[in-house]
Amino acid sequence: MNFNRIKNLSRKEIIYSILAILAIAALAFLFSLQCPNNIWKTSSAGTDSSVFKYIGRVILDGGIPYRDTFDHKGPLVYLLNAIGILISYQKGIWVVELVTLFATFAIMYKISRLLCSRLVSIGILLLSSSLLFKYFEHGNLSEEFALPFIAAAIYIFTDYFIHAKISNLRLVICGLSLGAVCLLRVNMIPVWVVMCIGVLIHCITKRQIKEIFRFLAFFLIGFSIIILPVAVWLTANGAFQSFIDDYIVFNSQYSSFDSPVMALSGRGSTFLAFLNETITLLALALLVYRIIKNRKFYDVLYTVYFLANIVFLSLSGNLFLHYGMIIIPALVYPFAIICRDCRIGVKSQNALPSVAFLYVLATLAMPGWLNGANTVFQDLPNIGVDQINANDLQIATLVSTHSAPDDKILVCGNYNLIYNLSERFAATKYSYQSPPLTIDEEKAAEYYREISKNLPKVIVLPQNTFGYDEIRQFVKENHYKKAGKNDAGNVTVYVHSP
């Protein structure tokens, strides 16, 4: 931090800076109320979020991801959930998310401030973040936690190419950010892939060969700061090979297709679905316009990154909306550079172009923010009232009634929410079974061996779940008795009664 610069700020500038920070904090808080377990309410978490919280609990109980429990995301999302649980079992993860959102919005604001005034930067932040309402999907997802690291990289690369500003500390932060994202999900790294190639080309054309080695050295230091401790932790606990199997090998199987035609179709349709958003298309159009008009190297580079970003998130061929979260930080630069070019926010005799452009931006941002605000304000009458789904609560109550805290249970399907509501752990490393057991026969065999060996005290069996008939047979052979059902009648709870 440049303390001399802070001391030289006028009183007016300090007030404006404080107001900007407060505005960003308010936006982050308002947005965080989309999370199911926020400061105002407690409700049923989503499927993936429940898995991440469960694995965070496993870590705090002395277990190790991949070795003791299966999932195929990077370890950082589980560690962040563990930190949240340490803060508060119900609300702690929301605190981590609030910090994440504040950091993301603050850095997005800083990207815009490289080119625009404070007020215009707040407007661009509102516009870019409005699309996040569609992609957030209740949060606590790997894409959400990647956002501040992606935004930080965009800020560093933009300041380097626009203002030729770089430092050893920024290089370390840039490398650390890449390492953090690699520990979340590796297909979220196109900003580093594209921009690092751009830096290499720039240095070679400017004959700055020595700078390449300095950049690489400090970048790798930052990368190692976060990667090495996690690698040592997994290796020391005998989980590194399981990490490779689940995070690398299994993910390759998960995103594979039966034929090149199916791969092209699935990935292509996903790419077009994410690209086909008004704000995203406008940002891309502005980048193309800049290239045609000015032919600046960074605009070409940024456009390649912008498109590569959507290509990378489409690799699985699955149209999960939360994948689109990583588009959000990329939207800031195109709007900021056009605002600068049009001198929007700068006093001039003809203010009409600025007013017209800002009106267009406000019109685009308004639907997302109005929808989000409406969702938040609808919950105001229910502040402090638990809103957990009644059927979920019934099942968790049956589990808690028929088992002790130390008893191991089995929840069939992908329903980790029940483990978290009942505060129980699974009798197998496969706390959920689909997709792992539907893809890998060896994992399926291991699953059946483990539940036969450990005999769960309670089995929660939803209808039409993976291995439904096999588990029904397992229940019969091992003398389980029916403990009850939820009101919907689609989930049955069995208790072991030898």
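The values are calculated or read from the model by the stated rules, or taken from the named source; none is laboratory data. Computed from a predicted structure; not experimentally measured. Here the Cβ positions follow ideal geometry from the backbone for every residue, glycine too, while neighbour counts run over all protein chains shown. These accessible areas exclude ligands, DNA and RNA; they are computed on the full protein's heavy atoms, side chains included. Shrake-Rupley method; radii C 1.70, N 1.55, O 1.52, S 1.80 Å.
What does the charge count near R170 come to, summing +1 for each Lys or Arg and -1 for each Asp or Glu among other residues with Cβ under 15 Å from its Cβ?
Charge balance near R170 sits at +1.
Out of every Cα pair in segment 136-292, what percent are spaced more than 18 Å from each other?
For segment 136-292, the fraction of Cα-Cα distances above 18 Å is 71 percent.
Quick one: which residues, 5+ away or cross-chain, put their amide H under 5 Å from the amide H of Y480? H built at 1.01 Å from N.
S497
Report relative contact order for the chain in percent, whole number only (criteria: Cα-Cα under 8 Å, sequence separation at least 6).
In percent, rounded to a whole number, it is 19.
Beyond 36 Å, what percent of the Cα pairs of the chain remain?
Percent of Cα pairs beyond 36 Å in the chain: 37.
Taking only Cα atoms, what is the 0 to 90° angle, nearest 10, from helix 190-205's long axis to the longest principal axis of the chain?
With rounding to tens, the tilt is 30 degrees.
Tell me the carbon and sulfur percent of the accessible area for the chain, rounded to whole percent, probe radius 1.4 Å.
62 percent
Ignoring everything except DSSP H segments at least 4 long, calculate the 222 nm mean residue ellipticity for the chain; use -39,500 (n - 2.57) per segment, divide by total residues, nearest 500.
Estimated from H runs of four or more residues: -20500 deg cm²/dmol.
I'd like to check one number: the per residue accessible area of the chain, probe 1.4 Å, reported in Å² as a whole number.
Value for the chain: 46 Å² per residue.
Just for the chain, what percent of DSSP beta bridges are antiparallel, to the closest 5?
Within the chain, antiparallel bridges account for around 60 percent of the total.
Using a Förster radius of 22 Å, what is the FRET efficiency between S10 and L119 based on their Cβ-Cβ separation? Nearest 0.05, please.
About 0.80, to the nearest 0.05.
Output the pairs from K91/K457; K12/K134; K91/K481; K206/K293; K12/K110 with a Cα-Cα distance over 26 Å in this structure; if there are none, say none.
Over 26 Å Cα-Cα: K91/K457; K12/K134; K91/K481.
Round to the nearest 0.05 the FRET efficiency obtained for I212 and K482 when R0 = 51 Å and r is the Cβ-Cβ distance.
0.15
Once both labels are modelled 7 Å past Cα along the beta-carbon direction, what's the E423-Y359 spacing in nm?
5.8 nm
If I take R0 = 25 Å and measure r between the Cβ atoms of L228 and H163 in this structure, what FRET efficiency does the formula 1/(1 + (r/R0)^6) give, to the nearest 0.05?
0.20
Measure off 7 Å from each Cα along the Cα-to-Cβ vector at S17 and S434, then give the distance between these two points in nanometres to one decimal.
5.5 nm
How much length is gained if the chain between A285 and L30 is pulled fully straight, taking 0.36 nm per residue apart and subtracting their Cα-Cα distance, in nm to one decimal?
Working it through step by step, the gained length comes to 88.8 nm.
Per residue of segment 441-455, what does 6.51 cos²θ - 1.76 cosθ + 1.60 with θ = phi - 60° give for ³J(HN,Hα)? Whole Hz please, x for Gly and Pro, Karplus curve as stated.
5, 5, 5, 4, 5, 5, 4, 5, 5, 5, 6, 5, 6, 8, 6
Give the span of segment 109-194's Cα atoms along each principal axis, as three whole-Å numbers ordered largest to smallest.
Result for segment 109-194: principal-axis Cα extents of 37, 31, 19 Å.
Quick one: ranking E277, E97 by accessible area, 1.4 Å probe, largest first, what do you get?
So, going from the largest accessible area down, we get E277, E97.
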